[in-house]
Amino acid sequence: MAPIARSRPTVVVVGAGMGGLVSALLLAVQGFSVRLLEKGARSGGKLREVTVGSTGIDSGPTVFTMRWVFEKIFAAAGARFDERLRLTAAEILARHHWQDGSVFDLHADRAQSADAIGELAGAREARGYLDFCQRAEEVFRTLNQSFMENPTPSPIGLARDAGLGGLVALARIKPFTALSKVIDGYFRDPRLRQLFGRYATYCGSSPFEAPGPLMLIAHVEQTGVWLVEGGMIRLAEALENLAAEHGVDLRHGADIAEILVEDGVVAGVRSASGEDIEADAVVFNGDPAALFSGLLGEGVRPAVAPWSPGQRSLSALTWSLKGRAEGFDLSRHTVFFSGDYPREFDDILRKNRLPVDPTIYVCAQDRGASTSTVAPDAEERLFLLVNAPARADDKPLSEAEVASCETRITKRLLRAGLTLLAPPERRIATTPSDFAAMFPGSGGALYGRASHGWAASFQRPGARTPIRGLYLAGGAVHPGPGIPMAALSGCHAAKAVAADFASTATLHAMATPGGTSMRSATTASMR
Ligand SMILES: Cc1cc2nc3c(=O)[nH]c(=O)nc-3n(C[C@H](O)[C@H](O)[C@H](O)COP(=O)(O)OP(=O)(O)OC[C@H]3O[C@@H](n4cnc5c(N)ncnc54)[C@H](O)[C@@H]3O)c2cc1C
């Protein structure tokens, strides 16, 4: 590959998912020349919109939290988040339905939720809820800086940096106890145990195996679940626009087949069409499993310690549909719970099959922040999701299994009173195999490695890899899955690249006009 003359170090970012967009933007802000190469036709990755008829339906993340992460990222790029996106705070976080017919709304307002829990399950449970909220807030405060915003946390590092008071706080977060067990300490009502245990699935994990600190998600939701005007895809577009303003060169339809390594140092990427693109560093935003599976070439296989298919996080079976919802008063976010939660996870994680009795999430996207009504007979945008096994490569679901699951779901919703009326052409299913094709190497897993066991959070790969010049960003990388977390991983990757270039003192040298072979200068200094 012939070196090219350039005045600034070049970083190629592979993938325009959340982590890729954020790292590309922040690297450009810091003066790098950035090429963002995305194989899909649009940016956003899992944050995606499916078009049904002529209507775009949010068909990835629908719960947007931790807006402060984005406020900081936009501010770092000289922009105001609230000028680029219009957000409204949801008053009802989610409506929940159980098979005994009970319905419960969890509110953003803690006192309102406590009252509603009192009505649902009695005063003791309401007190348990308030204690739970307080502890979830403590856990969040303990881990926000020390874990999530820390690029390289380790159990020893956390304990070392905590000091005596901090050690007490760390012990109180119950890192060694399963989330379900921690929740059992606050609630006796099985419905509430199920409701708060469900937060484990936000990381693609089982509440019976995920660690207690994941209770912090309850607090994160209380600080704000936001509805994005125009749909979640606007967030990806806003980042894409800002990145373009800072000079990021974004190309869609650019499938990268190989990350090139020369003498142990990253040299660039090769596209599936055979084009070589030289780079001083590469940030990989695809699933890290693609690296250890050899999908990006032998040179980068050792970049990540492998995990087995049995250690993958959950996948999903989803439907994006436009139609009428009758007979049940849906909220923006409604959850219809399984009658047997342990069995649901046993089906998915042990038996590798779709659950016999799945929990069903329904996002009614035309329903607003405070009102759940739509005009009578109006067609609305709906997104349905059930958890599914991530074994698309070795144990793919058959069409019959998917169809039978759809029938079970339809019956389950009917029992709750909900009829969904949408002709087949207005109903688009996405299966684990579809996700596996969109996110190579994942087998359909949507959140990387499952957060099972206390150590899992520390086993996620970090931004730096053992291969010089190769960095990682994304929901399968530290600090973990979810839109704000993947964005934070993008921040960590951008910081790591900048720090490594600064420490080699090449950045300024190379930023001088008239530089010649930047690649060789960088390569030499990074060795
Ligand atoms: C159905 C669903 C519901 C979810 N719900 C929520 C929610 O409500 N709230 C929330 O916060 N999070 C939610 N999440 C999780 C959240 O969407 C993800 O954690 C986050 O979007 C992951 O971002 P990422 O940076 O890992 O990039 P990804 O979204 O994984 O995107 C990676 C990008 O890299 C591209 N790519 C991969 N390999 C290559 C290659 N070789 N060449 C070129 N391009 C490549 C892909 O095409 C893709 O665009 C949900 C996810 C799903 C799927």
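Since every read-out is calculated from the coordinates, none of them should be taken as a lab result. Given the structure is predicted, the values throughout are model-derived calculations rather than measurements. A quick note on method: Cβ atoms are made from the backbone with ideal geometry, for glycine too, and the neighbour counts reach across all protein chains shown.
With the helix formula -39500 (n - 2.57) applied to DSSP H stretches of n ≥ 4, the chain reaches a computed 222 nm mean residue ellipticity of -10500 deg cm²/dmol. Remark: the Cα gyration tensor places the chain in the prolate category, a/c being 1.5 or greater and a/b exceeding b/c.
Are there any GluC sites (Glu not before Pro) in the stretch 235-337 that are in a DSSP loop and have at most 14 other Cβ atoms within 10 Å? List them by number. Write down the numbers at each step before the final one.
Values: sites: E237, E240, E245, E258, E262, E275, E278, E298, E326; in loops: E275.
Answer in residue order: E275.
Mean sequence separation of contacting Cα pairs (under 8 Å, at least six apart), scaled by the length of the chain, corresponds to a relative contact order of 24 percent.
Just to confirm the number: angle between the C-alpha axis of helix 18-29 and the first principal axis of the chain, 0 to 90 degrees, nearest 10? Its long axis makes an angle of about 40 degrees.
Assign one of three labels to the stretch 172-314, namely rounded, prolate or oblate, based on the Cα gyration tensor with a ≥ b ≥ c the square roots of its eigenvalues; rounded applies when a/c is under 1.5, prolate when it is not and a/b is larger than b/c, and oblate otherwise. Walk me through the numbers before you get to the answer.
Details: a/c = 3.22, a/b = 1.70, b/c = 1.89.
In terms of gyration-tensor shape, oblate.
Oblate is the label for the stretch 61-164. Its Cα gyration tensor axes, ordered a ≥ b ≥ c, give a/c of at least 1.5 and b/c at or above a/b.
The angle between the Cα long axis of helix 155-172 and the main principal axis of the chain comes to about 30°, on a 0 to 90 degree scale.
Can you give the FRET efficiency to the nearest 0.05 for D100 and R160, using r as the Cβ-Cβ distance and R₀ = 45 Å?
On the way: r = 49 Å, r/R0 = 1.08.
In this case the efficiency is close to 0.40.
For helix 233-245, what angle does its Cα long axis make with the longest principal axis of the chain, in degrees from 0 to 90 and rounded to 10? Roughly 20 degrees between the two axes. For the chain, the Cβ-based charge dipole about the Cα centre amounts to some 820 debye (Lys, Arg positive; Asp, Glu negative; other atoms uncharged). Sorting K72, K174 from the fewest to the most surrounding beta carbons within 10 angstrom yields K72, K174. Take every DSSP beta bridge whose two residues both sit in the chain, then give the antiparallel share in percent to the nearest 5. The antiparallel fraction comes to roughly 70 percent. Within the set K322/K411; K322/K351; K46/K72, which residue pairs have Cα atoms separated by over 30 Å? Pairs exceeding the cut-off: K322/K351. Only Cα pairs under 8 Å and 6+ residues apart enter the sum, and on that basis the relative contact order of the stretch 288-368 stands at 24 percent.
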